[in-house]
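Enquirer: Below is the structure I would like to discuss, written out as structure tokens.
The values are calculated or read from the model by the stated rules, or taken from the named source; none is laboratory data. Here the structure is a predicted model, which means the values were calculated and not measured. Cβ: placed from backbone, ideal geometry, glycine included. Neighbour counts: every protein chain shown.
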Amino acid sequence: MSIVGPRMISPGEADKYGKWKMNLLTVKPGITGMWQISGRSDVTYAERVRLDMQYIRNYSFWLDLMILFRTIPAVIKGRGAY
């Protein structure tokens, strides 16, 4: 597990990712990521998959840094955390 990355998924959930499943399995899951800073439980499952794929395709040190900085306000505000 890494600090920043896509959300971890269960084996049964992997089938919901369809053709994107192999992309997701090539990276380590993270404690925080695009899903966390984008609304957590307020985000639909399809949007979660899209955010994970967006992160994998656009990965960079700067994207990780941006996610880390945006995680702090997201956690404090608690939006989507239920």
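Enquirer: Can you pull out every residue in the stretch 41-82 that is without any contact (Cβ under 8 Å) to a residue 60 or more places away in the chain, surrounded by 10 or more Cβ atoms within 10 Å (Cβ to Cβ), within 22 Å of Val27 (Cα to Cα) and among the charged types (D, E, K, R)?
Expert: Residues satisfying the conditions are Glu47, Arg48, Arg50, Asp52, Arg70.
Enquirer: Of (1) farther than 25 Å from Gly78 by Cα; (2) of a type outside the set (Val, Ile, Thr); (3) at pLDDT 80 or above, Gln54 satisfies all except one. Which?
Expert: For Gln54, the exception is condition (1).
Enquirer: Let me ask another. Identify all residues within the stretch 1-40 that are among the charged types (D, E, K, R), surrounded by 11 or more Cβ atoms within 10 Å (Cβ to Cβ) and without any contact (Cβ under 8 Å) to a residue 24 or more places away in the chain; write none if there are none.
Expert: Just the residues of the stretch 1-40 that are among the charged types (D, E, K, R), to begin with: 7, 13, 15-16, 19, 21, 28, 40.
From what is left, the residues that are surrounded by 11 or more Cβ atoms within 10 Å (Cβ to Cβ) are 7, 13, 16, 21, 28, 40.
Once the filter is applied, which keeps residues that are among the charged types (D, E, K, R), surrounded by 11 or more Cβ atoms within 10 Å (Cβ to Cβ) and without any contact (Cβ under 8 Å) to a residue 24 or more places away in the chain, the stretch 1-40 yields Glu13, Lys21.
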